[in-house]
Amino acid sequence: MATSAYLAFTEYDLFTAARWIGLENFETIFTRDPDFAQSMKVTAVYVVASVPLRLMVALALAVLLNRAMRGIGVYRAVMYLPSLLGGSVAVAILWRYLFGGEGVVNQALALVGIEGRNWIASPDTALWTLVVLAIWQFGSPMIIFLAGLQNIPAELTEAARVDGASRWQTFWRVTFPLLTPMVFFNLVMQSIVAFQAFTPAYIISDGKGGPVGSTLFYTLYIFQRAFREYDMGYASALAWVLVAVIAVVTAVNFAASRRWVHYSDG
């Protein structure tokens, strides 16, 4: 980290000695680099779209799996599998074929008379295929939600039902408020993970961030500047901008949590 912080203020190409240039890299980032703005926009849309949807799916499945039934352990293990596989290169390649012009998605749509498209090659839909992939990786937050649900005293929900509350009312008035610490933890962690997303965009776009920059994730742009253009100083500056953005977003989440996160001792 100390080395990258130093390199952020230098011009360095791996082959010659680093040359100190002060704030020039950061000035270029914020004033003369259209790819920075595009990559930040793409990443922001990805984070805002994928994180809430992933958490909603994870919470819904945790509620379904929070019951005593035969073979429940097997169901939980199966549901967790996407988290183990979803970030891999193999699944990213599979996703590329699923949403390609002749992919399974279009074949399924053709069965009901809907004409598909090359979802990966279209600027309007390429990013959203990656959002769907992110939602599919719901296993980790699901396990955390499940742990939180199992720690809620059963007598609280039973008392609500005795008082005439429906299942929906019991969930929103009793279960969810007690689960907000888990929601907050998952929100912070999944936001950080989403900002650092790299592999799916790299595989699906062949490392180019296309089409027309629609999948140019910020981390992919850092990779391009560092390992394709060998501009390590500039890439280090980009990396520290990402650190600052994640820190600000995390701080905002912590500040906002005082209004909606309820702890059992409060």
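A few points about this structure:
Yes or no, residue by residue, for (1) touching a residue at least 60 places away in the same chain (Cβ under 8 Å); (2) charged (D, E, K, R); (3) in contact with a Leu (Cβ under 7 Å, 6 or more places away or on another chain):
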| residue | (1), (2), (3) |
| --- | --- |
| Gln137 | yes, no, no |
| Leu146 | yes, no, yes |
| Ala159 | no, no, no |
| Val162 | no, no, no |
| Pro177 | yes, no, no |
| Val193 | no, no, no |
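- Some residue of segment 227-235 being farther than 19 Å from Ser39 by Cα and at pLDDT 95 or above: no
- Cross-chain or 6+ apart pairs with Cβ under 9 Å, segment 207-235 first and open to solvent by 20 Å² or more (accessible area, probe 1.4 Å), then β-branched (Val, Ile, Thr) and in a loop (DSSP other than H, G, I, E, B): Lys208/Thr215; Pro211/Ile120
- Any hit, segment 180-190, residues being closer than 29 Å to Leu64 by Cα, hydroxyl-bearing (Ser, Thr, Tyr), at pLDDT 85 or above and touching a Phe, Trp or Tyr at 6+ places or on another chain (Cβ under 7 Å): yes
- Selection within segment 136-183: residues that are crowded, with 18+ Cβ neighbours inside 10 Å and aromatic (Phe, Trp, Tyr). The member of this set that is farthest from the chain's Cα centre (by Cα) is Phe145.
- Scanning segment 39-88 for residues that are among the β-branched types (Val, Ile, Thr) and either over 14 Å from the mean Cα position of the chain (by Cα) or assigned to a loop (DSSP other than H, G, I, E, B) (or both) yields Val63, Ile72, Val74, Val78.
- Any hit, segment 105-119, residues being in contact with a helix residue (DSSP H, G or I) (Cβ under 8 Å, 6 or more places away or on another chain) and farther than 18 Å from Val132 by Cβ: yes
- The number of residues in segment 55-83 that are surrounded by fewer than 13 Cβ atoms within 10 Å (Cβ to Cβ) and either touching a Gly at 6+ places or on another chain (Cβ under 9 Å) or among the acidic types (Asp, Glu) (or both) comes to 1.
- Scan of segment 5-54 for residues that are in contact with a Lys or Arg (Cβ under 9 Å, 6 or more places away or on another chain), farther than 30 Å from Trp128 by Cβ and either open to solvent by less than 80 Å² (accessible area, probe 1.4 Å) or of a type in the set (Lys, Arg) (or both), ordered by number: Thr10, Tyr12
- Scanning segment 141-161 for residues that are among the β-branched types (Val, Ile, Thr) and modelled with pLDDT of 85 or more, we see that the one that is farthest from Leu59 (Cα to Cα) is Ile152.
The values are calculated or read from the model by the stated rules, or taken from the named source; none is laboratory data. Not measured: the values here are computed from a predicted model. Backbone-built Cβ (ideal geometry, glycine too); neighbour counts: all protein chains shown. For accessibility, only protein heavy atoms count, side chains too; no ligands or nucleic acids. Shrake-Rupley method; radii C 1.70, N 1.55, O 1.52, S 1.80 Å.
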